[in-house]
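Here's the structure, in structure tokens; my notes come after.
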Amino acid sequence: MKKTNLLAILTLAATPAFLHAQITSYSDIVGYTTSVVKGTGSSGSSQFFSFIPVQLQKDKVFQGSATASGTTITLSGASLTSGALNAGSTYPTHYLLLTSGANAGLSTDIVSNTTGAVTTVDDFSSYINAGASVALVPHVKITDVLGVSGSQKIAGGSTASAADNIYLVGSDGNLKTFYYKTGVGAGLKNSLNQDATGLVVYPGEMILVGRKTTADTASIVQTGLVPTSDTKSVLAQGYSTACSGAPIPLKLSDLTAVAAGASTASSADNIFVIDSATGQLKAFYYKTGVGAGWKTSANAAADVNTDIADGFVFLRRSSTPTTLGQSKTW
């Protein structure tokens, strides 16, 4: 899906001060989060939307110092199984994460590996100086969060129109639809009914789910490691799905220096959150000029303390990406 590792970006730090109430930490790095996909209930909506933030990491397969030459990253003291981190035919399986320095939090997909080095999609040589720290991390897949076909946490169906829908943003900046197909050829599919079993959720992204049945789902529990360094979400042109980089509060006001403002909503970057009453998306933007400040799409004053930690959809107008950075305070 949409990658969050674009380069040549402006880094902005938001510094929330405490852990979000939804996580319980068993140590300083391990915890769990719980989410519920809301049903349509009495809302009258044909599809009720919910965000599922993906904020915890899988166990690292390597962490240590590295050097870079182009897209080849040499890992100090590594003893990997050659080919074990190779990307699949459709989706990557692992990513490289910068864990030290000014660019800590940036990541790039791994294409292939030898016992002591990895080849990445992006050239990180200008970001990895001698002794810089990196981690190699398995990607979180949709099936890690929502389960495998036949025991998934949301409703499946014979077609995408009959099933609960999963939305992620593709590399073209547009939302893509996925669903759990039942019956012949059962499994996680895209809107063209192609297999999507290996579909990944990038660090700092959330899953947008449209629930079509009346009842809520049972709690969806994710376990994993709380990021141990600063986090960054790169928001490129078009749509991006994002959430707080760790299970900590994130307010609408924290995006003031991230989102480009304008005199109208149609010219500014837009932030979409879910209306808890209707289950539909509602937009905010930062108005410039007379009456400057955060506004709803109807130009009413917005509550800048709105907590958007669990997710938001970001519409970036400019071709220059922007970055939400969160300094490690947990």
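The values are calculated or read from the model by the stated rules, or taken from the named source; none is laboratory data. These figures come from a predicted structure and were not determined experimentally. FYI the Cβ positions are ideal-geometry reconstructions off the backbone, even for glycines, and counts take in every protein chain you see.
What to note about this one:
- Enumeration of residues in region 156-204 that are among the acidic types (Asp, Glu) and at pLDDT below 95: 172
- Any pair with Cβ under 6 angstrom, 6 or more apart, that starts in region 247-260 at a residue that is under 26 Å from residue 57 (Cβ atoms) and touching a residue at least 24 places away in the same chain (Cβ under 8 Å) and ends at one that is among the β-branched types (Val, Ile, Thr) and not in a loop (DSSP other than H, G, I, E, B): 247/33; 258/322
Okay, residues lined up against (1) assigned to a strand (DSSP E or B); (2) closer than 16 Å to residue 139 by Cβ; (3) outside the structural domain of residue 121 (by TED's automatic domain parsing):
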{"position": "67", "(1), (2), (3)": "yes, no, no"}
{"position": "73", "(1), (2), (3)": "yes, no, no"}
{"position": "86", "(1), (2), (3)": "no, yes, no"}
{"position": "90", "(1), (2), (3)": "no, yes, no"}
{"position": "96", "(1), (2), (3)": "yes, yes, no"}
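- Total residues in region 105-116, condition surrounded by 18 or more Cβ atoms within 10 Å (Cβ to Cβ), out of contact with any Phe, Trp or Tyr (no Cβ under 9 Å at 6 or more places or on another chain) and either assigned to a strand (DSSP E or B) or in the same structural domain as residue 202 (by TED's automatic domain parsing) (or both): 1
- Per the conditions (1) over 25 Å from residue 314 (Cβ atoms); (2) loosely packed, with under 15 Cβ neighbours inside 10 Å; (3) aliphatic (A, V, I, L, M), the sole criterion not satisfied by residue 102 is (1).
- A single member of 161, 244, 219 is polar (S, T, N, Q) and buried (at least 21 other Cβ atoms within 10 Å of the Cβ), and it is 244.
- The condition (being surrounded by 15 or more Cβ atoms within 10 Å (Cβ to Cβ) and assigned to a loop (DSSP other than H, G, I, E, B)) is satisfied by just one residue among 260, 298, 277: 260.
- Output for region 301-324, where each listed residue is of a type outside the set (Val, Ile, Thr) and either touching a helix residue (DSSP H, G or I) at 6+ places or on another chain (Cβ under 6 Å) or closer than 16 Å to residue 55 by Cα (or both): 307, 309, 310, 311, 312, 324
- Within region 240-263, the set of residues being under 28 Å from residue 176 (Cβ atoms) and either of a type in the set (S, T, N, Q) or in contact with a helix residue (DSSP H, G or I) (Cβ under 6 Å, 6 or more places away or on another chain) (or both) comprises 240, 241, 244.
- Per-region count, region 124-141, residues modelled with pLDDT under 95 and either in contact with a helix residue (DSSP H, G or I) (Cβ under 6 Å, 6 or more places away or on another chain) or not in a strand (DSSP E or B) (or both): 8
- Filter pass, residue 68 being buried (at least 17 other Cβ atoms within 10 Å of the Cβ), at pLDDT below 90 and within 30 Å of residue 125 (Cα to Cα): no
- All of 236, 215 fail the test of being hydrophobic (A, V, I, L, M, F, W, C) and closer than 20 Å to residue 179 by Cα, apart from 215.
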